[in-house]
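As structure tokens, the structure follows; a few thoughts come after it.
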Amino acid sequence: MTAIQTLNKVVELASKRRDEAVAHQAQLHREMQLAQDQLQQLQSYADEAQQRWATRCSTGVDGNMMQHHRQFMNKIEHAVDFQRSVIAQRQAQIDQAVKQVQAAERDVAGLRKYTDGKLQALLLQAQRQEQKQTDELALAIHLRQSRTMSSMTKGM
């Protein structure tokens, strides 16, 4: 495998890692959206329960019923707080994934730039080698022609 082929393989692997990081970030965004939807559902449910309770209170409630309502609302509030912590964790994961994608993008860009530089250097080296061979061939032809002309002039 030539040096350029090896470098291209390295760029390919870095691109694959970047693509995987982007896919992971997208998955985290989907999970975040689900967590936010679930939080919204919990908050809507809590609001509805509070409205039902307000309606029920207008007709009068006993202490036992009030105790049950408080316990129920505490459980819903606990679920809401838990869901907020899930969202905070998801956000931290997304922030980390963004950093990983950015690092992977920098790696790919750097490797591509390095590979392009190496390729340009190899092309320049090949052009110089070709020019050297052309110059040597031209010099050999010139020397041969000079010798031929010299021997023709001596022969006259």
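The values are calculated or read from the model by the stated rules, or taken from the named source; none is laboratory data. Note that the coordinates shown come from a computational prediction; the quantities given were computed from them, not determined experimentally. Cβ coordinates were reconstructed from backbone atoms using ideal geometry, including for glycine residues, and neighbour counts include every protein chain displayed.
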Requested in this report: Might you let me know whether region 53-71 holds any residue that is surrounded by 11 or more Cβ atoms within 10 Å (Cβ to Cβ), out of contact with any Leu (no Cβ under 7 Å at 6 or more places or on another chain), under 30 Å from Asp116 (Cβ atoms) and without any contact (Cβ under 8 Å) to a residue 24 or more places away in the chain?
Outcome: no
Report summary line: Being touching a residue at least 60 places away in the same chain (Cβ under 8 Å) and assigned to a helix (DSSP H, G or I) narrows Ala97, Ala109 down to just Ala97
Query raised in the report: Among Ala49, Ala79, Ala14, Ala35, which is the only one that is in contact (Cβ under 8 Å) with a residue 60 or more places away in the chain, surrounded by 12 or more Cβ atoms within 10 Å (Cβ to Cβ) and in a helix (DSSP H, G or I)?
Result: Ala14
Query raised in the report: Only one of Thr153, Thr115 is at pLDDT below 95, of a type in the set (S, T, N, Q) and surrounded by 13 or more Cβ atoms within 10 Å (Cβ to Cβ); which?
Result: Thr115
Report summary line: Picking from Asp135, Asp95, the residue that is under 30 Å from Ala21 (Cα atoms) and out of contact with any Phe, Trp or Tyr (no Cβ under 7 Å at 6 or more places or on another chain) would be Asp95
